[in-house]
Structures are given as structure tokens and as C-alpha cells.
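Note sheet for the following structure.
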């Protein structure tokens with residue numbers, strides 16, 4: 001299914017309650033946005049989870065839908081709530097309670113890209129922010145909620161895999177098994193967004209593929225995992241961050257020679273993860 005805000009690829013037959021979604025890999029940059037920006041196109045793309053949608057493209061082969069955003073993260077961040085507006089960027093927005101994401105320039109309409117570099121030369125109208133939210137945020141989240149409702153209806157539970165990538169420099173001081181930096185970080189809001197059994201299964205799948213895994217540090221999950229993760233309602237959400245250096249050159253924004261091998265590796269991991277969605281919710285609860 002194709003929409004202005006997202007692409008939804010469904011499997012031939014839905015056989016699992018697992019949903020894969022990529023909210024930050026969108027790369028449809030409006031020409032007017034690029035022309036008005038204070039940064040060049042390559043600098044703006046530094047916030048993009050580049051190629052993550054392609055890494056997970058095999059998800060429908062395993063009976064799971066794949067939802068991917070079209071709007072770029074620098075234009076609109078789908079992993080923020082629509083109320084997370086930045087008074088430092090958007091005209092007519094009042095400063096209210098301190099939100100660290102908004103304060104750092106990473107609200108629903110970001111003020112900065114990676115490295116704290118300002119996207120804009122000045123402020124933007126509130127009407128512009130509302131337009132972006134109406135055109136891209138609401139349709140994407142409506143599609144995601146519909147998939148979650150479909151999972152509940154068909155399988156009695158929903159498991160959302162929120163797919164992201166992370167800059168290699170964010171991992172310099174993080175250690176996983178064996179004292180090495182992790183290749184993958186799983187975020188479940190420190191246990192609040194998914195059952196322990198599900199997170200352990202996902203961690204084991206990545207570990208069996210030879211990837212080093214850490215949990216919640218430095219990324220525990222933002223709006224999507226926090227909003228949709230409701231284990232008490234048999235609704236689980238886990239954010240997966242993959243080190244960009246594993247599959248791309250972060251300076252040139254091009255895939256490297258390991259892209260295809262990593263994609264093949266992730267196919268095996270997805271096969272294992274989708275098995276979770278074929279278990280009954282009763283069996284999961286008993287683990």
C-alpha cells in the first residue's frame with residue numbers, strides 16, 4: 001500500500017502478530033524544505049536512519065507487515081508526540097514544562113540535525129508545523145495503530161519492532177558482552193514496553209547471528225516504544241538500533257560492502273523474531 005506519508009508492504013499471508021516499522025528512514029525531501037534550509041542536503045541527511053527500510057525489506061517473507069515512513073526525520077520526527085513542539089523553532093508555541101528532547105532541538109519538528117547543527121535560519125510558522133503533522137504524522141500513526149489492532153484481532157497480541165540505526169560515535173563508551181561496543185541496542189524503556197521473555201528472545205536471535213547486543217544504553221526508546229508498549233494489554237514494543245558503521249559509510253551516506261551480508265543476516269534474525277508472534281499470548285505470559 002502506497003500513501004503520501006508511508007509505504008506498507010504486506011505479506012502474502014499474515015502469519016504472525018509481529019510488525020516491523022521504520023519511522024526514520026524516509027528520504028522524500030520536499031524541495032522547498034531543502035531550499036530554505038541553512039544546511040546542505042548531505043548535512044540534513046545525517047539524522048536519517050539511512051537504508052534501514054532496505055535492511056528489513058524481507059520482513060513480509062516471514063508473514064509480517066513492514067511499515068516505512070516517507071517523510072525524512074529532519075523534516076518531521078515520527079518518533080515524537082505531536083505535542084512535542086519547540087518554542088525555539090516554531091512561532092506561537094509557548095514554552096511549557098521542560099522536555100529534554102525538545103530542549104535539545106529534537107522535537108516533532110526538529111530544529112537541529114546530528115551534532116546540534118541548526119537546520120533553519122530562523123523560526124517557522126505554526127501553520128507549517130501543523131501541516132507536516134497533519135499530512136505525515138497522523139497517517140503514519142493511524143496505519144501503525146491499524147496494524148496493531150489487526151494483530152490483536154488475529155493473534156490475541158501485538159509485537160511491534162521499531163527499526164532504527166545509530167551513529168557509530170554514540171557507542172564509543174558503551175560496552176556489550178566481552179567488553180566490546182554493541183552492534184545492536186534493544187530499547188524497551190527498561191522493561192516497561194515489552195515482556196522480558198520477548199526481549200530475551202530478540203536478544204538471543206541477534207546473539208545467535210554473531211552480533212553483540214546491549215539493552216537500553218544509550219537508547220531506551222522514545223515516543224513510539226513508550227506510547228505503544230503496553231505489556232499488560234498484550235501489546236509489546238521493542239526499539240532496535242543497529243550501528244550504521246556495520247553497513248554504510250556515514251560520511252558519504254553510501255552503503256558499504258557489508259550491506260548485503262548484513263541484510264541476509266537480518267533475514268535470519270527476522271525469521272526468529274516472527275516466531276514469537278506465532279506463540280499464544282498464554283504461552284508467552286507463562287515464560
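The values are calculated or read from the model by the stated rules, or taken from the named source; none is laboratory data. This one's a predicted model, so the numbers in the text were calculated from it and none came from an experiment. Backbone-built Cβ (ideal geometry, glycine too); neighbour counts: all protein chains shown.
Okay, here's what the table says:
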item	result
Test: residue in segment 54-76 that is part of a helix (DSSP H, G or I), under 17 Å from the mean Cα position of the chain (by Cα) and modelled with pLDDT under 95	no
Identity of the residue in segment 204-225, surrounded by fewer than 18 Cβ atoms within 10 Å (Cβ to Cβ) and not in a loop (DSSP other than H, G, I, E, B), that ends up farthest from the chain's Cα centre (by Cα)	208
Which numbered condition residue 245 fails, given (1) within 21 Å of residue 51 (Cβ to Cβ); (2) at pLDDT 95 or above; (3) in a loop (DSSP other than H, G, I, E, B)	(3)
Near pairs, Cβ below 9 angstrom, 6+ apart or cross-chain, from segment 138-164 (at positive phi and modelled with pLDDT of 95 or more) to any residue that is outside any helix (DSSP H, G or I) and surrounded by 14 or more Cβ atoms within 10 Å (Cβ to Cβ)	156/17; 156/234
Unique match (being part of a loop (DSSP other than H, G, I, E, B), surrounded by fewer than 23 Cβ atoms within 10 Å (Cβ to Cβ) and in contact (Cβ under 8 Å) with a residue 24 or more places away in the chain) among 93, 108	93
Some residue of segment 44-52 being assigned to a helix (DSSP H, G or I) and within 23 Å of residue 194 (Cβ to Cβ)	yes
Scan of segment 232-268 for residues that are closer than 26 Å to residue 191 by Cα, touching a strand residue (DSSP E or B) at 6+ places or on another chain (Cβ under 9 Å) and touching a residue at least 12 places away in the same chain (Cβ under 8 Å), ordered by number	234, 235, 236, 237, 238, 239, 240, 241, 242, 243, 244, 266
